[in-house]
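The values are calculated or read from the model by the stated rules, or taken from the named source; none is laboratory data. Everything numeric here is computed off the predicted structure, so don't read it as measured data. Virtual Cβ from ideal backbone geometry, glycine too; neighbours counted across all protein chains shown. Please note that ligands, DNA and RNA were not included when accessible areas were found on the heavy atoms of the full protein model with its side chains. Shrake-Rupley method; radii C 1.70, N 1.55, O 1.52, S 1.80 Å.
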Amino acid sequence: GENVEQHPSTLSVQEGDSAVIKCTYSDSASNYFPWYKQELGKGPQLIIDIRSNVGEKKDQRIAVTLNKTAKHFSLHITETQPEDSAVYFCAASKSGGGADGLTFGKGTHLIIQP
Amino acid sequence: NAGVTQTPKFRVLKTGQSMTLLCAQDMNHEYMYWYRQDPGMGLRLIHYSVGEGTTAKGEVPDGYNVSRLKKQNFLLGLESAAPSQTSVYFCASTRTVGWETQYFGPGTRLLVL
């Protein structure tokens with residue numbers, strides 16, 4: 001089955017700096033790659049996603065890039081703010097996240113230092 | 001519109017006891033999922049359903065059973081709880097197949113002693 005590796009497990013950045021979280025996946029048939037943000041005591045919430053036919057997607061301060069050849073994708077957060085502090089999960093799916101759910105990475109704890 | 005709700009929020013069980021976790025969604029979603037989240041392990045899929053009356057196994061189904069008798073509800077059962085099932089359980093739903101946002105509930109924290 002699919003295996004998703006996520007790095008780093010903890011990332012501390014100064015407020016205003018950029019943060020980058022990287023994931024690799026094993027199954028070349030995966031075609032959907034969402035990123036979720038989880039705040040303490042809450043369920044994960046989708047922040048951005050990308051399909052396999054797209055190399056990059058941006059939404060305000062958040063961007064995701066996908067390299068299908070290398071089978072890795074990354075989350076980029078610019079101009080970080082205190083409210084960006086949370087655990088971030090990458091995920092992959094062969095069915096667009098539908099029929100067989102998502103395979104998640106183990107998460108990155110992002111800490112924004114004031 | 002409450003989205004995805006889960007009942008109960010927290011429960012303590014003794015080894016061997018049984019319980020049912022309830023997930024409800026009011027978005028008329030076809031697909032529903034149960035995940036478990038353990039420290040340092042991310043979320044792992046237990047079971048899922050692609051429609052009323054259907055269920056399928058995910059990555060870690062052993063020790064769990066599920067039922068989807070109504071479209072809006074997805075039940076997760078533990079027949080004989082074990083300490084290894086201590087975890088936080090999340091339910092999620094999505095509207096239809098492919099490239100749709102999975103909406104997660106707030107989670108149920110389960111402690112098995």
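Annotations
- Only one of the listed residues (A:Ala70, A:Ala91, A:Ala99, A:Ala63) is among the small types (Gly, Ala, Ser), farther than 30 Å from B:Ala56 by Cα and surrounded by 13 or more Cβ atoms within 10 Å (Cβ to Cβ). That residue is A:Ala63.
- Of all the listed residues (A:Lys42, A:Lys58), the sole one being farther than 17 Å from A:Gln81 by Cα, more than 12 Å from every other protein chain (Cβ to nearest Cβ) and of a type outside the set (Ser, Thr, Tyr) is A:Lys58.
- Filtered residues of the range B:78-113 (kept if assigned to a strand (DSSP E or B) and facing chain A (nearest Cβ under 7 Å)): B:Phe90, B:Thr94, B:Phe104
- Checked against the criterion of being modelled with pLDDT of 95 or more and more than 10 Å from the chain's Cα centre (by Cα), the candidates B:Arg36, B:Arg11, B:Arg95 yield just one match: B:Arg11.
- Qualifying positions in the range B:28-73 - within 14 Å of another protein chain (Cβ to nearest Cβ), open to solvent by 20 Å² or more (accessible area, probe 1.4 Å), in a loop (DSSP other than H, G, I, E, B) and touching a residue at least 40 places away in the same chain (Cβ under 8 Å): B:Glu30, B:Val50
- The range A:36-53 residues that are within 25 Å of A:Asn67 (Cα to Cα), paired with ones that are open to solvent by 70 Å² or more (accessible area, probe 1.4 Å) (beta carbon under 7 Å, 6 or more apart): A:Tyr36/A:Gln45; A:Lys37/A:Gln45; A:Ile48/A:Lys57; A:Ile48/A:Asp59; A:Ile50/A:Lys57; A:Arg51/B:Trp99; A:Ser52/A:Lys68
- Remark: pairs (first residue in the range A:102-114, facing chain B (nearest Cβ under 7 Å) and aromatic (Phe, Trp, Tyr); second residue buried (at least 22 other Cβ atoms within 10 Å of the Cβ) and not in a strand (DSSP E or B); Cβ separation under 9 Å; 6+ apart in sequence or on different chains) = A:Phe104/A:Pro44.
- A:Glu79 being touching a residue at least 24 places away in the same chain (Cβ under 8 Å), at positive phi, open to solvent by 50 Å² or more (accessible area, probe 1.4 Å) and of a type in the set (Asp, Glu): yes
- Of all residues in the range A:38-58 being open to solvent by 80 Å² or more (accessible area, probe 1.4 Å) and either in a strand (DSSP E or B) or in contact with an Asp or Glu (Cβ under 7 Å, 6 or more places away or on another chain) (or both), the one that is farthest from A:Ser95 (Cα to Cα): A:Lys58
- Here the range A:3-18 is the region considered, the condition is being open to solvent by less than 40 Å² (accessible area, probe 1.4 Å) and within 14 Å of another protein chain (Cβ to nearest Cβ), and the residue that is farthest from the chain's Cα centre (by Cα) is A:Val4.
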